[in-house]
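Written below as structure tokens is the structure these notes are about.
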Amino acid sequence: MKADENKGVAGKSRARSTLVRSRLIDVAERLFAEHGIDSVSFNQIARAANQRNSTVIQYHFGSKTGLLQAIAERRMQAVNERRLELLSRVDGSDRLADLERVAEAMVLPFAEHLSHEGGSYFVRFVAHLYSDPRMEMFELIKGKHDSGMHEAGRLAREIMAEMPGEAVRHRLAVVTTMIFFAFADREKLRAAGKHIGVARLHTAHFVNDLIAMIVGALNAPYGERKPTDKDVSSPSTNQASTLVTTGDSHKVTDSVD
């Protein structure tokens, strides 16, 4: 009898712990999406999750990196499975058709995820994570839910075999950045009730256009662009060259700010 009671208490305790952990992930994902990774403290997350002590985060995740990993892993499993499903349609019969299937496999899992609860926060969270030079987005899911990205890269290199592998990897990196930030900027604008910029189009049109742009970027002719006389004599080009050679990079930062 006593043993049964102890099992019941232990079961309830585990259930409460699981609920708290899930709540912390939900809240952290939202706060990171809205304010950025560095702008959110453990205390803010704990309070928003109705927890009195921020040590609850260390208990469940160990560190901020552990928390970021938990957020990424929870969502990326479904994204990865869907990506692999879409990539299975690449059959080598037509270059443009195969590039379109690769592009769809990169875009659609995120687009479809927006219909899930918290999906909008997730794509904005990913953009913050991806833009942080101290973080490696794909390191957080390495060996777990990254097989779809590896397969997309492998197929892209096969389809674009005439291009150096490093150039293919560069293009994939560029379009991956475009995907993350296009979705994140769109969701940020939509959350603010603004239908401008990347939030101007209906979702289906936005997704289709994004896929078309990716196909165009991947299929673009490869070759180094030769500088023209206009490039060499351009004041902006000369100024940029001066900044690079003198190391006066703070001017660039100041202008951006």
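The values are calculated or read from the model by the stated rules, or taken from the named source; none is laboratory data. Keep in mind that what you see is a predicted model, and the values were worked out from it rather than measured. The accessibility values were calculated without ligands, DNA or RNA, using every heavy atom of the protein model including side chains. Shrake-Rupley method; radii C 1.70, N 1.55, O 1.52, S 1.80 Å.
Distance from the C-alpha centroid of region 45-80 to that of region 120-140: 14 Å, rounded to the whole angstrom. The mean sequence distance of close C-alpha pairs (under 8 Å, at least 6 residues apart), as a share of the length of region 134-206, puts its relative contact order at 15 percent. Per residue, the accessible area of region 1-154 comes to 54 Å², computed with a 1.4 Å probe over protein heavy atoms only. Nonpolar atom fraction for region 101-201, defined as the carbon and sulfur part of the 1.4 Å probe accessible area, stands at 55 percent.
For the pair Arg23 and His150 in one chain, pulling the backbone fully straight at 0.36 nm per residue adds 42.6 nm over the alpha carbon distance. Were the residues from Ala15 through Ala167 laid out at 0.36 nm apart, the gain over their Cα-Cα distance would be 49.8 nm.
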